[in-house]
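Following: one structure in structure tokens, then a few remarks.
The values are calculated or read from the model by the stated rules, or taken from the named source; none is laboratory data. Note that the structure is a prediction, hence the values are computed from the model and not measured. Quick reminder, even Gly has a Cβ in these numbers, built from the backbone with ideal geometry, and neighbours come from all protein chains shown.
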Amino acid sequence: MIIFINGAFGIGKSSVVELLVNKIPNSLIFDAEEVGYMLRKIYKSIDNPKDFQDLIAWRELTVKTAEALKKQYNRNLIIPMCIWNEKYFDEIIPELKKIDPDFYHFCLVASKETILKRLKGRNDSAEVINWATERIEKCLNAYKSEKFEKKISTEEKTINEIVDEILKNIEK
């Protein structure tokens, strides 16, 4: 099984997946941002993209890494990642579904005010918070599309309540 947890930066993806991995037997978190951080180091002398998702290599390596993890460890993958760009979403999600047809996509959503409050409460640098804040509107607008289903509102919900909702949806 692959569970893809999508949502704006600061929405709570990392908190959700940390709890999910403890509740789903034989599971593993694959944070696709780590692939991006690696590529930034490699590309820094030739390119400085504002978003590593713009790199073809990131999109391809994210899928290849998920595939390699499934082949080598045969674990349930839980992937937290903010993908709002529909083109990139359309590149990555079908490929992940090929790796494991037992695939679930959940898009965590909240109001702009809630996301801003959560971002400000994080222990990130001002640069990181500003970068994430600049992308809130793009995420909120993109996530209106039915493509980003199943949506789970995180307003007024605890992490446990969000995780319980995800678990109910994958048990069906």
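Looking for something among the charged types (D, E, K, R), in a loop (DSSP other than H, G, I, E, B) and at pLDDT below 90 - is there at least one such residue anywhere in the stretch 116-133?
Checked against the condition, which is being among the charged types (D, E, K, R), in a loop (DSSP other than H, G, I, E, B) and at pLDDT below 90, the stretch 116-133 yields at least one hit.
Determine, yes or no, whether Phe9 is under 26 Å from Leu140 (Cβ atoms), at pLDDT 95 or above and hydrophobic (A, V, I, L, M, F, W, C).
Answer is no for this residue.
Kindly check whether there is at least one residue in the stretch 122-132 that is in contact with a strand residue (DSSP E or B) (Cβ under 7 Å, 6 or more places away or on another chain) and of a type in the set (A, V, I, L, M).
no
Do we have Leu28 as touching a residue at least 12 places away in the same chain (Cβ under 8 Å), touching an Asp or Glu at 6+ places or on another chain (Cβ under 9 Å), closer than 30 Å to Lys157 by Cβ and not in a helix (DSSP H, G or I) here?
no
Would you mind finding the one in Glu113, Glu134 that is farther than 24 Å from Leu55 by Cα, free of Cβ contacts under 8 Å to residues at least 12 places away in the same chain and among the acidic types (Asp, Glu)?
Going through Glu113, Glu134 in turn, just one is farther than 24 Å from Leu55 by Cα, free of Cβ contacts under 8 Å to residues at least 12 places away in the same chain and among the acidic types (Asp, Glu): Glu113.
Residues being of a type in the set (Lys, Arg) and part of a helix (DSSP H, G or I): count how many of those fall in the stretch 134-151.
Count: 1.
Hey, Ser45 hits all of (1) outside any helix (DSSP H, G or I); (2) closer than 21 Å to Ile152 by Cβ; (3) of a type in the set (Ser, Thr, Tyr) but one; which does it fall short on?
(2)
Residues checked against (1) more than 23 Å from Ile115 (Cα to Cα); (2) buried (at least 17 other Cβ atoms within 10 Å of the Cβ):
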position: Phe4; (1), (2): no, yes
position: Gly7; (1), (2): no, yes
position: Ile11; (1), (2): no, yes
position: Val16; (1), (2): no, yes
position: Asn26; (1), (2): yes, no
position: Ala32; (1), (2): no, yes
position: Val35; (1), (2): yes, yes
position: Ile46; (1), (2): yes, no
